[in-house]
Each structure stands twice: as C-alpha cells, then as structure tokens.
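Bear in mind that the values in this text are calculations on the coordinates, not laboratory data. Note that the coordinates shown come from a computational prediction; the quantities given were computed from them, not determined experimentally. FYI the Cβ positions are ideal-geometry reconstructions off the backbone, even for glycines, and counts take in every protein chain you see.
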Amino acid sequence: MAVFNQVEFDNHEQVVFCSDEKSGLKAIIAVHNTKLGPAVGGCRLWDYAEDQDAVYDVLRLSKGMTYKNAVARLPFGGGKSVIIGDAKTVKSEALFRAFGKHLERLGGSYYSAEDVNITTGDVMMMHKETNYVLGLEGKSGNPSPFTALGTFLGIKAAYQHKHGHQDLSGVKVSVQGLGAVAYSLCKYLHEAGAQLFVTDINEASVARVVNDFNATAVAIDEIYDLDVDVYAPCALGATVNDETIPRIKASIIAGCANNQLAEPRHGDVLREKGVLYAPDYVINAGGIINVYYETKPEGYDEALATKHVEGIFDTLAEIFKRSDDEQKSTHVIADELALEIIENGL
C-alpha cells in the first residue's frame, strides 16, 4: 500500500497504524502539521471497502484540519483519525479504550474528538485511557449544533454576496445527508423561511426532517438535478465532481461535508460556471471552534464560542471578495489564507 507517494500525503509529519487483536481495533491516525499547535481533529468510524480507502480518507481529512484550524484562527495543527469497521457491529468500550491507549502513546501530538459515527459517549470511553481527547461531556460537549450554526451563517454569507441580501425566505435549498449537523442546519433554514429538499440513505432521518421542517424528500441521485438556489452537501465528500457538476443547477454550493470537491480543479470549474462555492473547511469550522473553548484555562464559555463561530460569516465574506478582486476560485483563496496564517502565525 503506497503512502509516501500519494498526492494526499503532502508532507504529513506522522501517520500511525493502530491495531488491537482483543478488541478488533484497526485504526489510522494522521498528523499533518503542528506548526500552530498540537494537531486536533475528530475520529471517524467507517466501514471502508479497502484499507487504501481509509488511508486516502484520513490523509485528506488531516490536511483539511490543518487549513480549517488555521483559517478559524485556532492554536491547533491539523490531524485526523479513522477507525475501520461497521459502526453497527464493532462499537464497544474495549475498542474505544484500545484506541485511547494509542492516543496516549502519541504524547499529545494529536487530540481526537467525535466525528462521523462517533458520539461524545464514545469519546468519553477513550478518555478513560487518555486526556488527549476533546469535546467531552460536561464541557464543550456535542459540537454538532455549532457546526450547523456556522454552516447556516455561511449560506447567508454566500447568499449576501450573490444577491446583496441575507433574506432566505422562499429560497430553495437541497440538503444531501441528514446527520446530526444537517438536522440542526435544516432547523435553522426552516426557521429562516427556506424551502427544503432533502435526501439520505437513512429513511428514518428523511422522515424526521420532512415531518419537523415541512421538507420535500427526494431520491438519493435526484438531489443533483433539482432546480434550487443552494446545494448543501452534508454527507461524505467528493460529491462535487465531473459527473455531478453539469447537473447542479444551484448558484451556491455551501454545506457542512468535508472534502466536497473531488479534485481541486473542480473549484475552478464551479467558478467558470458561475457557481459560488463556500470552501468546506471554512464553513464547517464551527464544531472545532467550539471544542477549542474547552481548552481555555478559565473553562468553557458557550457565549465566547458562539461569538467566534459567528465570525465564519465575515471570513467567508472576505474570501468571496478576494475571489472577485483577484479573479481566483474561492478554494484557492481559502488555501492561500490558510497558508498565510500558518506561515506568519495567528
């Protein structure tokens, strides 16, 4: 299995393969960059078809966290971890405690937290073996509502830039994926008067959003073909690709999924098409911002965390303006901003 010659490797400082025979743990921890501070990023539990898919995913996600934490102006580097397995069958206290022991061995170069298929309860089980976890119950807790708030404000920033106002009444939004973050996002959008079109592989999740927010359910593949104003990808990554871009009618792409562009060049294709793209690691930084306030010596302060999350609106407004002024795609401007901060400090 190739690692060092992958484009996604991008000079990672550390990639650790973890296993524990007794619990069945198979995991990968990737530390991309620690220039601004210890690497921080969530742990994802996913049933990857091949080990190589897990490596590819963790490397992309880890690099994304470096850029996300920098643009959010947090004293964190970038890292990520994945546990390989079916979340319905592999979860156990032994599994998470074994993973916690591997975190402990890294000595603080990487702090983990919840992500896809990992709950704050799972993180608390890791915490029995290590202090190198964040998003703990009784402290900052579940970061999903803060990720949702940042994403909602990011949609408003994009709409403001595109149309000159933030009123989402009657605006048609298609939401792909209805996990915890997307559910809260749908709540914000519904309360703002938006018209929702939603899809997810979990029928119960779809039914809940349809019932709670008067959304319209659509088939999984139909989501790309809808005549909507905003497409919000909130499932796994790479849904903006050569196949889907010609089908997308939305003038704005803004959602909470990581790695939405299958390849960086797709950001340029969107710009040429006149689609305003809110770079994923900027718009979805609310959760990690909230987690940061757990580390403050004076203790967690929800009001301060919320105020910081609200700054996502201004950061995106700056990126959109620089994109227009410099005639570059928004994802390029976001990367340049991140690299400026990493190089010069917070």
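For the pair Val3 and His163, the difference between a 0.36 nm per residue extended length and the Cα-Cα distance amounts to 53.2 nm. Stokes-Einstein diffusion for the stretch 251-318 at 20 °C, viscosity 1.002 mPa s, with a Kirkwood radius from C-alpha pairs, works out to 159 µm²/s.
The calculated FRET efficiency for Thr89 paired with Asn11, based on their beta-carbon distance and R0 = 51 Å, is about 0.90.
Over all directions, average the projected area of the Cα convex hull of the stretch 144-344 and note it in nm².
With the hull built on Cα positions only, its mean projection is 11.5 nm².
Over the chain, Cα pairs under 8 Å with separation of 6+ residues give a relative contact order of 16 percent. Between Ala262 and Lys328, what is the FRET efficiency for a Förster distance of 22 Å, r being their Cβ-Cβ separation, to the nearest 0.05? Once the sixth-power term is evaluated, E becomes 0.70.
Listed peptides 289-300, 29-40 appear in the order 29-40, 289-300 once ranked by packing, highest mean of other Cβ atoms within 10 Å at the front. For the stretch 158-244, the normalised intensity computed at q = 0.23 Å⁻¹ comes to -1.16 (log10 of I(q)/I(0), Debye sum over alpha carbons, equal scatterers, no solvent). Model label sites at Arg247 and Asp47, defined 7 Å from Cα along the beta-carbon direction, differ in position by 2.4 nm.
Peptide packing: for 201-213, 332-344, the average count of neighbouring Cβ atoms within 10 Å per residue gives the ranking 332-344, 201-213, highest mean first.
In order along the stretch 137-151, the Karplus-derived 3J(HN,Hα) couplings, from 6.51 cos²θ - 1.76 cosθ + 1.60 at θ = phi - 60°, round to 5, x, 10, 6, x, 5, x, 4, x, 6, 4, 5, 4, x, 5 Hz, and Gly and Pro are given as x. Identify which of the listed values of volume of the Cα convex hull per residue in Å³ was calculated from the structure shown: [x] 157; [y] 132; [z] 146. The listed entry that was calculated here is [y].
Below 9 angstrom from the Cβ of Lys101, what's the summed charge of the other residues (Lys, Arg +1; Asp, Glu -1)?
Net of charged neighbours comes to -1.
How tilted is helix 330-344 with respect to the longest principal axis of the chain? Cα atoms for both, answer in degrees (0 to 90, nearest 10). Its long axis makes an angle of about 40 degrees.
Taking other residues whose beta carbon is less than 11 angstrom from the beta carbon of Lys80, and scoring Lys, Arg as +1 and Asp, Glu as -1, yields +2.
What does the highest-first list of 320-327, 106-113, 267-274, 280-287 look like by mean Cβ count within 10 Å?
280-287, 106-113, 267-274, 320-327
Lys273 to Lys128: FRET efficiency via 1/(1 + (r/R0)^6), r the Cβ-Cβ distance, R0 45 Å, to the nearest 0.05?
For R0 = 45 Å, the calculated efficiency reads 0.35.
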